[in-house]
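Notes follow the structure.
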Amino acid sequence: MKVTFWGVRGSIPCPGPETVRYGGNTACLELYLEEIDRRIIIDAGSGIRLLGNKLMAEQLPRGPIQADIFFTHTHWDHIMGFPFFTPVFIPGTKLNIYGPVTFENETLQDALNGQWTYRYFPVRHEELSSEINYIDLKEESIDLGQGLVLRTKYLNHPLLCLGYRFEFRGRIFCTAYDTEPYRNLFCNDPEDPAYDEAMAREGEKVAREENERLERFIRGADMLVYDTMYTRAELENGRRGWGHSSMEYAIESAGRNHVKHLVLFHHDPGRTDAQLDELDLRLCEPARSDEFHVSFAVEGTTLQL
């Protein structure tokens, strides 16, 4: 397996001199299985435009472009690049597009079709020349064929969001973004008039169980790409409930669960290259060992499992 990062930012693209080394495009990963010549794309943030250009230059001359695209969720920063993914306009392109059903009465295709209206974009979905097959996902396990198995996990985000675990010939690639650690939402202050001991106890139990389920989901991954938009101090200073994790939490969780390589992902758009360098020295370097590697995702880089 090869993993290429085409976009590593969260919320909004942030090009400029202070983000040039780590990258300014929003989320897009490419997982390529060399043994079976199969390409998996995870999310279509602004980074997918560059991937599309590469496929047009290198893949199209050899034959029609085929790929599986997995959306973690349909927040704008994870879908904004899809209309600029050139292969969707090319006859012969075949795409299987997977993602969670956000609303009961709206399919994944319905949600994405909202982009392809003249109000927002000059091309309608019905006018695309590619062949697109939409597959709605829930929390499940799926045999994708050719020895590739997918397991999915609901994450803690303001919109229904899925983590992906791809297993292929003894190797495991896993994503957990966008997500925030589960916490007790009930009042746990005995001095507060709203405090209810039974509800507080149940809230703690449910949060603990859901965090344990996510840890089982990532356990033993050869590579884990985790949402680490904030530091712990930032998360605790007014950003709880926004649906993102801290770097410290991801490092601790991955370390407990025997992850071989943790990639910190979904960088805050206001985070500069210099700040990421400092965080690497402060948080990642002390956590690294012969069995555990931690790094920040860098746009344009390819990592081998």
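Hey, can you tell me all the residues within segment 269-300 that are more than 16 Å from D222 (Cα to Cα) and among the basic types (K, R)?
Within segment 269-300, R271, R282 meet the criteria.
Residues that are under 30 Å from A57 (Cβ atoms): find the strands (runs of 3 or more DSSP E) completely inside segment 93-201 holding 3 or more of those. Even if it seems obvious, please write down each step before you answer.
On the way: elements: 94-100, 131-137, 141-145, 148-154, 162-168, 171-176.
Result: 94-100, 131-137, 162-168, 171-176.
Could you identify the single residue in M229, M223 that is closer than 29 Å to M1 by Cβ and in contact with a helix residue (DSSP H, G or I) (Cβ under 9 Å, 6 or more places away or on another chain)? It would help to see each step written out before you state the result.
On the way: M223 fails: in contact with a helix residue (DSSP H, G or I) (Cβ under 9 Å, 6 or more places away or on another chain).
Of the residues listed, the single one that is closer than 29 Å to M1 by Cβ and in contact with a helix residue (DSSP H, G or I) (Cβ under 9 Å, 6 or more places away or on another chain) is M229.
From the set of residues in segment 206-235 that are surrounded by fewer than 24 Cβ atoms within 10 Å (Cβ to Cβ) and among the polar types (S, T, N, Q), which is modelled with the lowest pLDDT?
So the residue we want is N211.
For segment 108-135, name all the residues that are of a type outside the set (F, W, Y), more than 18 Å from G45 (Cβ to Cβ) and crowded, with 16+ Cβ neighbours inside 10 Å. Full working, then the answer.
Going through segment 108-135, the residues of a type outside the set (F, W, Y) turn out to be 108-115, 117, 119, 122-133, 135.
Remaining after also requiring more than 18 Å from G45 (Cβ to Cβ): 109-110, 113, 117, 119, 122-133, 135.
Passing the criteria: H125, L128, S130.
Restricting segment 127-154 to residues that are closer than 18 Å to I79 by Cα and not aromatic (F, W, Y), which is nearest to the chain's Cα centre (by Cα)?
Step one: filter segment 127-154 for residues closer than 18 Å to I79 by Cα, giving 128, 130, 132-137.
Next, only the ones that are not aromatic (F, W, Y) stay: 128, 130, 132-133, 135-137.
Numbers: L128: 26, S130: 25, I132: 21, N133: 21, I135: 18, D136: 17, L137: 15 Å.
Among them, the one singled out is L137.
Would you confirm whether or not segment 236-257 contains a residue that is of a type in the set (K, R), surrounded by fewer than 17 Cβ atoms within 10 Å (Cβ to Cβ) and touching a strand residue (DSSP E or B) at 6+ places or on another chain (Cβ under 7 Å)?
At the first step, the residues of segment 236-257 found to be of a type in the set (K, R) are 239-240, 256.
Filter again for surrounded by fewer than 17 Cβ atoms within 10 Å (Cβ to Cβ), leaving 240, 256.
Still in the list and also touching a strand residue (DSSP E or B) at 6+ places or on another chain (Cβ under 7 Å): none.
No, because not a single residue in segment 236-257 is of a type in the set (K, R), surrounded by fewer than 17 Cβ atoms within 10 Å (Cβ to Cβ) and touching a strand residue (DSSP E or B) at 6+ places or on another chain (Cβ under 7 Å).
Checking T74 against (1) within 23 Å of R151 (Cβ to Cβ); (2) of a type in the set (S, T, N, Q); (3) assigned to a helix (DSSP H, G or I), which single condition isn't satisfied?
(3)
Would it be correct to say that D222 is acidic (D, E) and over 22 Å from S253 (Cα atoms)? Can you show your working first?
On the way: acidic (D, E): yes; over 22 Å from S253 (Cα atoms): no.
Against the criterion (acidic (D, E) and over 22 Å from S253 (Cα atoms)), D222 does not qualify.
How about segment 141-160: which of its residues are at pLDDT 95 or above, closer than 26 Å to G10 by Cβ and touching a strand residue (DSSP E or B) at 6+ places or on another chain (Cβ under 9 Å)? Can you show your working first?
We begin by selecting, within segment 141-160, every residue at pLDDT 95 or above; these are 141-157.
Cutting the leftovers down to closer than 26 Å to G10 by Cβ gives us 150-157.
Scanning segment 141-160 gives L150, R151, T152, K153, Y154, L155, H157.
What are the residue pairs meeting all of these: first residue in segment 65-91, first residue closer than 19 Å to H244 by Cα, second residue in a loop (DSSP other than H, G, I, E, B) and of a type in the set (S, T, N, Q), Cβ atoms under 9 Å, and 6 or more apart or on different chains?
Final answer for the pair search is H73/T102; T74/T102; H75/S11; W76/S11; D77/S11; D77/S46; H78/T72; I79/Q115.
Among what's in segment 157-193 and is of a type in the set (D, E, K, R) and in contact (Cβ under 8 Å) with a residue 12 or more places away in the chain, pick the residue that is surrounded by the most Cβ atoms within 10 Å (Cβ to Cβ). Talk me through it step by step, then tell me what you get.
Kept after step one, since they are of a type in the set (D, E, K, R), are these residues of segment 157-193: 165, 167, 169, 171, 178, 180, 183, 189, 191-192.
Narrowing the set further to residues that are in contact (Cβ under 8 Å) with a residue 12 or more places away in the chain leaves 165, 167, 169, 171, 178, 180, 183.
Numbers: R165: 21, E167: 19, R169: 11, R171: 14, D178: 27, E180: 22, R183: 16.
Among those residues, the one meeting the criterion is D178.
Please verify whether V101 is β-branched (V, I, T) and buried (at least 18 other Cβ atoms within 10 Å of the Cβ), treating the condition exactly as stated. Let's see the steps before the verdict.
On the way: β-branched (V, I, T): yes; buried (at least 18 other Cβ atoms within 10 Å of the Cβ): no.
Judged against the criteria, V101 is not a match.
Return the total of residues in segment 23-40 being buried (at least 23 other Cβ atoms within 10 Å of the Cβ) and either without any contact (Cβ under 8 Å) to a residue 12 or more places away in the chain or over 18 Å from M223 (Cα atoms) (or both).
Going through segment 23-40 one residue at a time, the tally reaches 3.
Could you list, in sequence order, all residues of segment 258-282 that are free of Cβ contacts under 8 Å to residues at least 40 places away in the same chain and hydrophobic (A, V, I, L, M, F, W, C)?
Across segment 258-282, the qualifying residues are L262, L264, L281.
Scanning for something within 26 Å of I12 (Cβ to Cβ), exposed (fewer than 15 other Cβ atoms within 10 Å of the Cβ) and of a type in the set (G, A, S), does segment 196-203 turn up at least one residue? Spell out the reasoning first.
Restricting attention to segment 196-203, the residues satisfying the condition of being within 26 Å of I12 (Cβ to Cβ) are none.
Checked against the condition, which is being within 26 Å of I12 (Cβ to Cβ), exposed (fewer than 15 other Cβ atoms within 10 Å of the Cβ) and of a type in the set (G, A, S), segment 196-203 yields no hits at all.
Within segment 14-41, track down each residue that is in contact with an Asp or Glu (Cβ under 8 Å, 6 or more places away or on another chain) and more than 14 Å from T301 (Cα to Cα). I'd like the intermediate steps shown before the answer.
Residues of segment 14-41 that are in contact with an Asp or Glu (Cβ under 8 Å, 6 or more places away or on another chain), as a first pass: 18-29, 38-41.
Those that are in contact with an Asp or Glu (Cβ under 8 Å, 6 or more places away or on another chain) and more than 14 Å from T301 (Cα to Cα): E18, T19, T26, R38, R39, I40, I41.
The values are calculated or read from the model by the stated rules, or taken from the named source; none is laboratory data. Here the structure is a predicted model, which is why all the values come from computation and not from measurement. Neighbour counts are summed over all protein chains in view; Cβ atoms, including those assigned to glycine, are modelled from backbone coordinates with ideal geometry.
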